[in-house]
Amino acid sequence: MTDVSAATTTLSARPFASTRAPSFAEAAERHLDDVYRYLLVFTRDASAAEDLAAETFERALRTWRRFDPARASARTWLCTIARSVALDHFRAEQRRRRRERVASEPEGQAPPPDLGLSPKLERAMAALSAADRELVALRIVLDLDTDAAARLLGISTTACTTRLSRALKRLEELMSNDE
Amino acid sequence: MTSDAILAELRGTRGAPDTLRERVLALPEPEPRVSRSLPRLDFRRFALVAAPAVLALGLGAAALHGVVNGGSGSRPVAVDGNPPAWELAPNVTQSASGGGAAYGALGLKAAPQALSSLPPSSTRLNRYEAWLRVQVADDRLSSATTRAMQIARAYGGYVALVDMNTPGNKGTASLVLRVPVTRVEDAVLRLGKLGEVKAQRVRIQDLTRQANVLRRQIVALQATIAKLERRLAAGGVSPDERLRLQYQLDEAKRTLAQKTKTRAGTVREGTLATVSLAFSTPQAAVVAPHRAGRLERTARDAGAFLVRELAWLLYAVIVLAPIALLAAALVFGIRTGRRRSEQRLLAQP
């Protein structure tokens with residue numbers, strides 16, 4: 001079995017996007033899948049990921065004038081907006097769950113996620129915390145380099161690497177236990 | 001399942017559905033971006049450039065200030081607070097003052113042979129005050145002081161005050177001598193010969209008019225007293241009138257005594273001159289400031305300007321530091337709170 005930490009360190013950093021500013025349509029077409037996949041893994045809710053992705057691009061459209069390709073690639077910038085949108089979503093969900101708990105209403109069964117993964121991997125992903133899933137989404141699914149991911153999450157590169165390593169080990173353990 | 005397989009499968013997470021793609025691609029193209037006329041400032045890079053620039057600017061301003069102002073020599077000031085002796089112009093001015101004429105100060109250059117004195121008037125009553133600063137050799141301070149006292153007594157005067165401070169052979173001595181005005185000119189000349197006269201000041205104030213006014217008042221009071229005494233002695237005065245006359249007589253006598261005493265003091269003032277003498281050894285004497293060259297003055301002015309700049313900077317730091325600290329603490333607190341809130345939010349599956 002390949003060592004997970006070794007595997008993570010061999011992830012190649014995607015070369016930084018050209019400083020030429022792409023048009024919004026170009027950025028949307030090129031990075032829509034990345035934004036959606038990030039949100040899908042992060043939220044584990046296909047419907048929510050779709051809505052959040054749409055909201056992300058609407059917000060990006062409004063703030064497109066502020067985008068500076070010299071400071072970050074369009075993908076990183078869009079992911080930053082997506083993260084903000086997702087956090088708002090999580091907060092709203094937390095408030096909703098709290099209200100439901102106060103009203104003693106039984107919590108509805110969460111819809112089965114549809115990440116396009118094997119059921120075993122989806123179950124393992126479900127057992128991870130949202131923070132770990134987010135890191136996996138950014139570093140593995142989107143193949144974002146450590147610096148960009150750390151900057152996006154507001155943590156150090158060391159913390160980013162350590163947390164990813166732990167998350168992948170846990171994922172591996174969960175899948176081994178599931179066998 | 002191997003790690004590679006997990007990673008490969010994760011990378012194969014499905015992409016955006018067509019409905020989302022259509023929805024996003026249907027968004028209108030935003031207005032064209034306005035190109036930034038100025039590059040965005042990176043704080044670290046800015047600080048890296050700004051700090052040396054500010055330092056260079058401060059040093060440059062100090063150097064410029066030194067070059068511009070260094071050429072004009074600054075006014076030397078003696079260490080004892082008095083204007084330096086070489087700056088005292090030898091002038092004698094006369095102005096009306098109170099009861100008589102007042103003569104201005106006489107200053108002399110620091111040359112022993114320059115000693116001179118203003119002769120007091122032989123026909124009028126003068127208040128004569130002289131001040132001398134004399135430099136003597138290290139081992140001659142004590143003997144010069146003794147000699148000065150002897151001179152005062154020799155001219156019929158006395159020593160009002162002696163204050164001598166002699167750590168080793170060096171030191172200072174201050175004397176206040178009272179010498180008859182009629183002989184003060186000679187006394188001053190002899191006192192000046194005890195050493196090297198570094199500075200001299202003479203002040204003469206005419207007291208004749210003041211003394212004459214007092215004399216007239218005394219004569220008038222004496223006449224009043226004689227008249228009152230005659231009326232009291234004549235008799236035929238009612239008890240009340242007698243009491244009133246007696247009170248007036250007592251009051252006139254009291255005023256006469258006071259005026260007589262004042263006039264005696266004035267006459268004494270005009271009889272005895274006050275000579276203040278300050279002896280010092282070369283080390284203790286006021287040293288003329290070194291006349292700095294242009295380069296030295298430039299460097300000194302630049303240094304002084306730099307010190308002022310540092311003082312302003314320090315002041316600004318003292319004033320702004322608490323505000324900056326509070327702002328930093330606020331920002332740090334907000335960021336920490338937000339991060340913890342996010343951590344709690346994302347800690348759940």
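Derivation of every value follows stated rules applied to the coordinates shown; laboratory data play no part. None of these values were measured; they are calculated from a predicted model. When we count neighbours, we look across all protein chains shown, and the Cβ atoms used for this are built from the backbone with ideal geometry, even at glycine.
Of note:
- Annotation: the residues B:Met149, A:Met175, sorted from fewest to most other C-beta atoms within 10 Å of their own C-beta, follow the order B:Met149, A:Met175.
- Listed from fewest to most Cβ neighbours within 10 Å, the set B:Trp131, B:Trp312 follows the order B:Trp312, B:Trp131.
- Between B:Ala324 and B:Glu309, the modelled label-to-label distance comes to 1.8 nm, taking each label 7 Å out from Cα in the direction of the beta carbon.
- Per-residue average of Cβ from other chains inside 10 Å of B:23-31: 6
- The residues B:Ile6, B:Ile323, A:Ile155, when put in order of fewest to most other Cβ atoms within 10 Å, stand as B:Ile323, A:Ile155, B:Ile6.
- Inter-site label distance for B:Arg215 and B:Thr255 at 7 Å from Cα along Cβ, in nm: 2.1
- Chain lengthening between B:Arg231 and B:Glu22 when straightened (0.36 nm per residue, less Cα-Cα): 61.6 nm
- Translational diffusion of the stretch B:178-235, estimated by Stokes-Einstein from the Kirkwood radius over alpha carbon pairs at 10 °C in a medium of 1.306 mPa s, is 100 µm² per second.
- Estimated inter-spin distance, B:Gln343 and A:Arg59, nm [label 7 Å along Cα→Cβ]: 2.3
- Stretch gain in nm, segment B:Arg44-B:Val162, where the contour uses 0.36 nm per residue and the Cα spacing is subtracted: 35.5 nm
- Potential lengthening of the chain between B:Thr123 and B:Ser238 amounts to 36.3 nm, from the contour at 0.36 nm per residue minus the alpha-carbon distance.
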